[in-house]
Amino acid sequence: MILLTGGAGFVGLNVAEQLLARRDEVLIFDLRPPRAFFSKALFVQGDVTDLASLKKLFRENKIERVIHMSAITAGPGRDAREPRRIAEVNLIGTLNVLQESKNSGVERFVHASTGALFGAAGIGVGEPLDEERHRPVPESMYGITKYAAERSCLRLGALWGMDVRIGRLALAFGRWEHESGVRDRLSPPTEIARIARAGGEAVFPPLGATDYIYAPDVARALIALAEAKAPSHRLYHLGTGAAWALPAWCELLEKRFPKFRWRESNEGCNVVPLAPGTRTRFSNRRLVEDLDWAPRFELAAAAEDFIAWLESPHER
């Protein structure tokens, strides 16, 4: 059995969808139940900050692998209002899940981290961001707490003799992205696609290119990291290795939605990123060489698939 903490969230649903398609035994632990389409998964409602509920969860289920995705993806407003809650979920909650994984003899623990932890140190870098050469300097509470959780997992994994792997996600977008209450903003590509489908106008700042990754691809990368027999590294950047800017996305969408309009502007924006600046793309050499992973969805393929998904009768 594989446990997905935060499995009813955006990335979690993409991971669950792929595992269930293979008929794997999936256990979702989250504050809210997953969409109706995921009824084949086992579901336990709970909070990662509640250690007693986690102890019960691990005691009552034979969990072999864990992909830990529970997190609050906070913007500046929530940073100011709820710093303690962000830290409790993103850091203490991670330590709780890691501890119970250790106590239960879990074979592998995968922590889903984020490129947001680079902060300003990841902007304008002259080469793809490497796992070792480039050091994060997180600025937001989200980045700070995710970096603390990442380093804590690696430290305790070494001390406890656990197989712990970290996957830092590039900027994910697409299928199953929704307002979950723990993500303050949707990704710009998803926001723009929704506006395009409604025949509206998207206005966004000139952000430049970054390595957006389509959600099914990032889910495949997390699953590969959870299942690889002997990964050579403990830390992996989960990105496509390529970068594109939002105008290229808009040009693909306007071919399908002729009423859609868009423009770049520093004023009157209705699409804005969670954090200012555009992070330099990840180097994904480790991911490709060690896990034999390659993206299935380049930009045009992602647009085609996401449009079809938005127009399908799935539960929203």
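Observations
- Near pairs, Cβ below 6 angstrom, 6+ apart or cross-chain, from the range 287-316 (surrounded by 13 or more Cβ atoms within 10 Å (Cβ to Cβ)) to any residue that is part of a loop (DSSP other than H, G, I, E, B) and not hydroxyl-bearing (Ser, Thr, Tyr): Leu287/Trp293; Asp290/Pro231; Leu291/Ala228; Phe306/Gly174; Trp309/Arg175
- All positions within the range 7-58 that are in contact with a helix residue (DSSP H, G or I) (Cβ under 6 Å, 6 or more places away or on another chain), over 14 Å from Asn96 (Cα atoms), at pLDDT 95 or above and in a loop (DSSP other than H, G, I, E, B): Gly7
- Condition check for Gly208 on (1) assigned to a loop (DSSP other than H, G, I, E, B); (2) over 20 Å from the mean Cα position of the chain (by Cα); (3) closer than 20 Å to Arg165 by Cα: one failure, at (3).
- Being aliphatic (A, V, I, L, M), at pLDDT 95 or above and under 30 Å from Gly157 (Cβ atoms) holds for only one residue in Leu246, Leu253, Leu274, Leu287, and it is Leu287.
- Checked against the criterion of being acidic (Asp, Glu) and touching a Leu at 6+ places or on another chain (Cβ under 7 Å), the candidates Glu139, Glu177 yield just one match: Glu177.
- Restricting the range 216-242 to residues that are in contact (Cβ under 8 Å) with a residue 24 or more places away in the chain and over 17 Å from the mean Cα position of the chain (by Cα), the residue that is surrounded by the fewest Cβ atoms within 10 Å (Cβ to Cβ): Ser232
- Residue in the range 258-278 that is in a helix (DSSP H, G or I) and free of Cβ contacts under 8 Å to residues at least 12 places away in the same chain present: no
The values are calculated or read from the model by the stated rules, or taken from the named source; none is laboratory data. Note that this is a predicted model, so its numbers are computed, not measured. In this analysis, Cβ positions are derived from the backbone assuming ideal geometry, glycine residues included, and neighbour counts consider all displayed protein chains.
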